[in-house]
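What follows is a single structure, written as structure tokens, with notes after it.
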């Protein structure tokens, strides 16, 4: 599929038509195959990329840096103390400075309004590495990973997202599934379901693509027949710890366990997670939550995380290939 996205920003899924989004999924596969077969063409040779991180990350930073280097670009990483954005300088002013020096700018932070402002003022493409509302590089990776793992077109894939669906992963997976024409199930307590306006927008997209949208608090209904079961963390660093215990109690029935995977009634169902995952007590946050709640595992059990059904590390690798596709499509030569 040949679609020109050169010069475009990559801020959220709904900025793209279904054909444009599918072209990025296809390009991800083409670039991954080319890399594996030793015939990768360096289409970012000599370009300069800025990585602006107000929220730190393992996968997003690594994926952008390695993808850029493999394609011949130079990278400058600015951590939360490495720039003046939102501190001494506005997002609009920051991006107008960086846009004079760099060919593309990645931003990872809290508010979607910041990256949208950057998009309005930047003379070069801006890429959203994560905000509280959207995580489009992850959902692009997940769209590709599900097709790669199942051998199915997006329209034939069914997937369920379990847990807290009010924020970036719930929003992005719901919207991505609607764009891809998939059978999308969001399975969460009513208080943790996506906002009504976002669901309505996904349903309008579904009318165009043939996607099937289900929002339910019924676990059995939500996972039955699913090809993939997704989840995400229930607590994040920086949040008020006072909400952790109550949230974990509310979401405990939606923990992805072996029983939940069996409830899909699909022996080939796979487990996915954007990572990091709290599946044991080997993290500081995991131990803190255990002290509050007595839960040794949160959104997923260690048994599922380490099972053959788990493709979380294939998924993590694919962040690099999908991010490479975004950069190549928008600034590549």
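The values are calculated or read from the model by the stated rules, or taken from the named source; none is laboratory data. Since the structure is predicted, the reported quantities are computational estimates derived from the model, not experimental observations. Using ideal geometry, Cβ is built from the backbone for each residue, glycine included, and neighbour counts are taken over all protein chains shown.
Quickly run through the range 155-175 and pick out the residues that are buried (at least 23 other Cβ atoms within 10 Å of the Cβ) and closer than 18 Å to residue 12 by Cβ. If you could, list the steps in order and put the result at the bottom.
Just the residues of the range 155-175 that are buried (at least 23 other Cβ atoms within 10 Å of the Cβ), to begin with: 158-165, 169-175.
The answer is 161, 165, 169, 170, 171, 172, 173, 174, 175.
Do we have any residue at all in the range 3-19 that's without any contact (Cβ under 8 Å) to a residue 40 or more places away in the chain, in contact with a helix residue (DSSP H, G or I) (Cβ under 9 Å, 6 or more places away or on another chain), closer than 19 Å to residue 332 by Cβ and not in a loop (DSSP other than H, G, I, E, B)?
Looking through the range 3-19, at least one residue is without any contact (Cβ under 8 Å) to a residue 40 or more places away in the chain, in contact with a helix residue (DSSP H, G or I) (Cβ under 9 Å, 6 or more places away or on another chain), closer than 19 Å to residue 332 by Cβ and not in a loop (DSSP other than H, G, I, E, B).
Within the range 76-151, considering only helices (runs of 4 or more DSSP H) that don't extend past its boundaries, which have at least 3 residues that are touching a residue at least 60 places away in the same chain (Cβ under 8 Å)?
Numbers: elements: 91-98, 112-121, 136-150.
Those helices (runs of 4 or more DSSP H) span 112-121, 136-150.
Is the range 262-285 home to any residue that is over 21 Å from residue 187 (Cβ atoms) and part of a helix (DSSP H, G or I)? Outline the logic, then answer.
Restricting attention to the range 262-285, the residues satisfying the condition of being over 21 Å from residue 187 (Cβ atoms) are 276, 280-285.
Filter again for part of a helix (DSSP H, G or I), leaving 284-285.
The answer is yes; a qualifying residue exists.
Tell me, which residue of the range 99-118 that is within 18 Å of residue 60 (Cβ to Cβ) and in contact with a strand residue (DSSP E or B) (Cβ under 6 Å, 6 or more places away or on another chain) is surrounded by the fewest Cβ atoms within 10 Å (Cβ to Cβ)?
Only one residue tops the list, namely 108.
Please go through the range 303-333 and pick out each residue that is closer than 30 Å to residue 75 by Cβ, in contact with a strand residue (DSSP E or B) (Cβ under 7 Å, 6 or more places away or on another chain) and part of a helix (DSSP H, G or I).
Residues of the range 303-333 that are closer than 30 Å to residue 75 by Cβ, as a first pass: 311-333.
Cutting the leftovers down to in contact with a strand residue (DSSP E or B) (Cβ under 7 Å, 6 or more places away or on another chain) gives us 311-312, 315, 326-327, 330-331.
Within the range 303-333, 312, 315, 326, 327, 330, 331 qualify.
Here's the yes/no breakdown for (1) touching a residue at least 24 places away in the same chain (Cβ under 8 Å); (2) touching a strand residue (DSSP E or B) at 6+ places or on another chain (Cβ under 9 Å); (3) surrounded by 15 or more Cβ atoms within 10 Å (Cβ to Cβ):
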residue: 265; (1), (2), (3): yes, no, no
residue: 269; (1), (2), (3): yes, yes, yes
residue: 275; (1), (2), (3): yes, no, yes
residue: 279; (1), (2), (3): yes, yes, yes
residue: 293; (1), (2), (3): yes, no, yes
residue: 296; (1), (2), (3): no, no, yes
residue: 301; (1), (2), (3): yes, yes, yes
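Kindly establish whether residue 292 is in a helix (DSSP H, G or I), assigned by TED's automatic domain parsing to the domain that holds residue 35, more than 24 Å from residue 156 (Cα to Cα) and touching a helix residue (DSSP H, G or I) at 6+ places or on another chain (Cβ under 8 Å).
Values: in a helix (DSSP H, G or I): yes; assigned by TED's automatic domain parsing to the domain that holds residue 35: no; more than 24 Å from residue 156 (Cα to Cα): yes; touching a helix residue (DSSP H, G or I) at 6+ places or on another chain (Cβ under 8 Å): yes.
No: the conditions fail for residue 292.
Whether any residue in the range 132-152 is crowded, with 24+ Cβ neighbours inside 10 Å, at positive phi and at pLDDT 95 or above is what I want to check.
Looking for residues that are crowded, with 24+ Cβ neighbours inside 10 Å, at positive phi and at pLDDT 95 or above, one finds none in the range 132-152, hence no.
Would you say residue 115 is modelled with pLDDT of 95 or more, within 28 Å of residue 161 (Cα to Cα) and not assigned by TED's automatic domain parsing to the domain that holds residue 193? Full working, then the answer.
Details: modelled with pLDDT of 95 or more: yes; within 28 Å of residue 161 (Cα to Cα): yes; not assigned by TED's automatic domain parsing to the domain that holds residue 193: yes.
So residue 115 fits the description; yes.
Quick check: is even one residue across the range 55-71 in contact with a helix residue (DSSP H, G or I) (Cβ under 9 Å, 6 or more places away or on another chain), surrounded by 15 or more Cβ atoms within 10 Å (Cβ to Cβ) and closer than 19 Å to residue 120 by Cβ?
Scanning the range 55-71, I find no residue that is in contact with a helix residue (DSSP H, G or I) (Cβ under 9 Å, 6 or more places away or on another chain), surrounded by 15 or more Cβ atoms within 10 Å (Cβ to Cβ) and closer than 19 Å to residue 120 by Cβ, so the answer is no.
Suppose we filter 207, 239, 221 for residues that are surrounded by fewer than 16 Cβ atoms within 10 Å (Cβ to Cβ) and assigned to a loop (DSSP other than H, G, I, E, B); which single one remains?
On the way: 207 fails: assigned to a loop (DSSP other than H, G, I, E, B); 221 fails: assigned to a loop (DSSP other than H, G, I, E, B).
Step by step, each of 207, 239, 221 is checked, and only 239 is surrounded by fewer than 16 Cβ atoms within 10 Å (Cβ to Cβ) and assigned to a loop (DSSP other than H, G, I, E, B).
Would you mind telling me which numbered condition in (1) under 16 Å from the mean Cα position of the chain (by Cα); (2) modelled with pLDDT of 95 or more; (3) closer than 27 Å to residue 277 by Cα residue 57 fails?
Checking residue 57 against (1) under 16 Å from the mean Cα position of the chain (by Cα); (2) modelled with pLDDT of 95 or more; (3) closer than 27 Å to residue 277 by Cα, the one that fails is (2).
Taking into account only those residues within the range 176-195 that are under 23 Å from residue 112 (Cα atoms) and surrounded by fewer than 24 Cβ atoms within 10 Å (Cβ to Cβ), which is farthest from the chain's Cα centre (by Cα)?
191
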